[in-house]
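The values are calculated or read from the model by the stated rules, or taken from the named source; none is laboratory data. Fair warning: this is a prediction, and the values are worked out from it, not measured in the lab. No Cβ is skipped: glycine too gets one built from the backbone with ideal geometry, and neighbour counts run over all protein chains shown. Quick note on the areas: whole protein, heavy atoms, side chains included, nothing else; ligands and nucleic acids left out. Shrake-Rupley method; radii C 1.70, N 1.55, O 1.52, S 1.80 Å.
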Amino acid sequence: MLHVHYSNRLEILADQLAERLRQPCGSPFLPELIIVQSTGMARWLSLYLARRLGICAQVRFPFPAAFVWELFHRRLRQVPEISPFAPEVLTWRIMALLETLEESPRFAPLQAYCADGNDSTRFALASRIAALFDQYLLYRPDWIVQWERGEEEHWQAELWRRLVTSNGLHRVRLHGQLLATLQAVGVAQVGLPARVSLIGIPTMPPLYLEVFAALANCLDVQAFVLNPCQHDWRNVKTVPPGTVAAHAEPTGNRLLASLGTLGRDFIDLVQAHQPQVHTHFVEPGNDTLLHCLQSDILHGRQRGTAAWPATPLQPDDGSVQVHVCHSRMREVEVLYDQLVRLFEMVPGLQPADVLVMTTDIEAYAPLMEAVFTVRDRELPLSIAERSPDAESPLVNGFFSLLALPDSRYAADQIFALLELAAIQRRFAFEARDLPLLQRRLRETGVRWGLDQDSRAAAGLPAIREHTWRAGLDRLLLGYALPGDQGQCFADLLPYEAVEGAETQLLGRLHSFTEATFGLATTLRQPRPIEQWLVTLNAVLEQFFAPDEVEELEVQASRSALQHLAQSAMQASFALA
């Protein structure tokens, strides 16, 4: 039977999980399985369990999707380790199909979008369609069944039918087989540890929840679910603004009704499986505004009504605050000031106890790094859920190199690459060389464009002035010829200031720019996926000389390229 633990505090749920892990269960050589929704939750939970238990080892934190597919792979025949309908594989399969679509009104929207024949356009479209199909598999399995029966004729249905013709091992088809298999096997035959835990998951597709409910007939499966209200709040509703009719009286807490829809639906799905329920609710109290809000939500009541009068707000109550700021930087500065005040006022409060949430972490991350590490009191800061290029300057530089062939080769764009330490080491630059190089390039008039041909390709006049070739040629002529006489050579005026040790610096600059300009030819040539893997790894080797820390970033980039190539090869995609 599925066991579900409800609490209004995540710490209480983590405590219950820790007590559960204290009891040995099954073989000590099998890892504990704790299903989580994000890497941030896995990190927080591992640290919390280590503090409670003294150590957190031999624990796996798989995501629901990966865990369910692992069950498909273990229990069903001919199911590959990686799903052919995983978005990263499905993208390549769809991209190959887009090239073979016949002329018909059904596919007219797709053909119009891909009319330019650009592979990048087709890949972007395939990626978007793959993401949609992945969501359909999870949340609209009824559509998938209808399409495979031939009941729909639009382009999505037909595209899907062609995909399953070549390989139909997707979650919807395998779901019923897995449920039947789990009903017929015992604990030892499942091939998993004797218990599985789920925690910190705010919602889950019904298909996955059905798998865990079926698995509970074979194993000890317990879910630790955050529930803000201890009563049945499935019928709670709010009142639209301006409603005055007597029959529109709100039921329950308005804040819970307006913001708790997702959690309510998930709890409904859980309760539909008739689990064994364990409650661990704690009373927040009514001493602060925040605790009043939490208490009202816990008890499902609305403060400020006849049944529950409003509580006067204390002048010094800062538990809930709203700050209006004129910029993002000012928002971060106010956040810093408030956190410093909290650390001074609340004994025992540590930075690890504070979670800051925002809708756009990429926009705020550099501001937080600047404010939290430069102000009078440095606050420890760890930013999670960022994209790899945002977290790593080296990875961002690699992406910038790959984007150069489609760029204008602006002077500041190229020079920004030289500011990366790994590129400086590869081409024997030092940080103190950069100001001089920047000044020389500015004085020789380098602005953008490789040469006159690249400007003509951009639809602009084919003039050589202010291009990279013109500026570099002026520098090289300045080394070979005197420029103080104002005489031109081949319509170029030698730059007069190149002398002495600066000539070696000029040589290193020439090596770097020639390697950079060579990417325009290297990266524009079509080649098979296997050769692309070799080419992109060669770009990493050509431009970056990482130190010990950056070597991890380089290896992560190589692993990502390998994974990309494997996904394309699994999809049997070939690019001539």
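Within the chain, what's the longest stretch lacking trypsin sites (Lys or Arg not before Pro) that sit in DSSP loops with no more than 12 other Cβ atoms inside 10 Å?
Numbers: sites that count: Arg77, Arg149, Arg234, Arg377, Arg386, Arg524.
Excluding the exposed sites themselves, the longest stretch runs over 235-376.
Provide the descending list of Cα extents for the chain along its principal axes, expressed in whole angstroms.
If we take the Cα atoms of the chain, the spans are 94, 66, 60 Å.
Sticking with the crude label model, points 7 Å out along Cα→Cβ, report the distance from Gln58 to Glu465 in nm, one decimal please.
7.6 nm
For Asn286 and Glu548 in one chain, what is 0.36 nm times their gap in residues minus the Cα-Cα distance, to one decimal in nm? Let's see the in-between values first.
Values: separation 262, 0.36 × 262 = 94.32 nm, distance 5.29 nm.
Fully extending the segment from Asn286 to Glu548 adds 89.0 nm.
Which of the GluC sites (Glu not before Pro) found in segment 69-141 are in a DSSP loop and have at most 13 neighbouring Cβ atoms, other than their own, within 10 Å? It would help to have the intermediate numbers written out before the result.
Working: sites: Glu70, Glu81, Glu88, Glu99, Glu102, Glu103; in loops: Glu81, Glu99, Glu102, Glu103.
Answer by residue number: Glu81, Glu99, Glu102, Glu103.
Chymotrypsin sites (Phe, Trp or Tyr not before Pro), restricted to segment 1-94: which are DSSP loop and have at most 12 other Cβ atoms within 10 Å? Present the calculation step by step, with values, prior to reporting the outcome.
Details: sites: Tyr6, Phe29, Trp44, Tyr48, Phe67, Trp69, Phe72, Phe85, Trp92; in loops: Phe29, Phe85.
Within segment 1-94, the qualifying chymotrypsin sites (Phe, Trp or Tyr not before Pro) (loop, at most 12 other Cβ atoms within 10 Å) are Phe29.
Size of the dipole of segment 72-164 about the Cα centre, Lys and Arg at +1 and Asp and Glu at -1 on the beta carbon, nothing else charged, in debye to 20?
Details: 11 positive and 14 negative charges, 96 e Å.
My answer is approximately 460 debye.
Among Pro494, Val354, Gln276, whose Cα lies farthest out toward the positive end of the dipole of the chain, if unit charges sit on the beta carbon of Lys, Arg (+1) and Asp, Glu (-1)?
The residue sitting most towards the positive pole is Gln276.
Taking the DSSP beta bridges in the chain as the whole, what percent of them are antiparallel, to the nearest 5?
On the way: 2 of 21 bridges.
Restricted to the chain, the bridges split so that about 10 percent are antiparallel.
How far, in nm, would the chain grow between Arg301 and Ala410 when pulled straight, counting 0.36 nm per residue and subtracting the alpha carbon separation?
Values: separation 109, 0.36 × 109 = 39.24 nm, distance 6.09 nm.
Taking 0.36 nm per residue and subtracting the Cα distance, the gain is 33.1 nm.
Whole angstrom only: what separates the Cα centroid of segment 1-57 from the Cα centroid of segment 389-417?
When both Cα centres are located, 42 Å separates them.
Along the charge dipole of the chain, Cβ charges K/R +1 and D/E -1, which of Leu110, Phe133, Phe343 sits furthest on the positive end?
Phe133
Starting from 0.36 nm per residue, how many nanometres of slack lie between Phe123 and Val320 once their C-alpha separation is accounted for? Each step should come with its number before you reach the end.
Numbers: separation 197, 0.36 × 197 = 70.92 nm, distance 4.63 nm.
Going from the current span to full extension adds 66.3 nm.
Counting only protein heavy atoms and using a 1.4 Å probe, what share of the accessible area of the chain belongs to carbon plus sulfur, as a whole percent? Working shown, then result.
On the way: 17010 of 31140 Å².
Solvent-exposed carbon and sulfur of the chain make up 55 percent of the total.
Each residue of segment 194-206 in turn: what ³J(HN,Hα) in whole Hz from Karplus with 6.51, -1.76, 1.60 and θ = phi - 60°, glycine and Pro shown as x?
With the stated coefficients, segment 194-206 comes to 6, 8, 9, 10, 10, 8, x, 9, x, 7, 7, x, x Hz.
Let me spell out the model: positive unit charges on the Cβ of Lys and Arg, negative unit charges on the Cβ of Asp and Glu, origin at the Cα centre of segment 1-50. What dipole size does that give, in debye rounded to 20? Working shown, then result.
Numbers: 4 positive and 4 negative charges, 9 e Å.
Magnitude of the dipole: close to 40 debye.
Show the residues, 5+ positions off or on another chain, whose built amide H is closer than 5 Å to the amide H of Ile199.
Answer set, sorted by chain and number: Ile35, Phe224.
Of the options Ala86, Leu418, Thr535, report the single residue whose Cα projects farthest towards the positive end of the charge dipole of the chain (beta-carbon charges: Lys, Arg +1; Asp, Glu -1).
Ala86
Please identify every one of the GluC sites (Glu not before Pro) in segment 361-453 that sits in a loop by DSSP and has no more than 15 other beta carbons within 10 Å of its own beta carbon.
When the GluC sites (Glu not before Pro) of segment 361-453 are filtered for loop state and at most 15 Cβ neighbours within 10 Å, Glu378, Glu385, Glu419, Glu430 remain.
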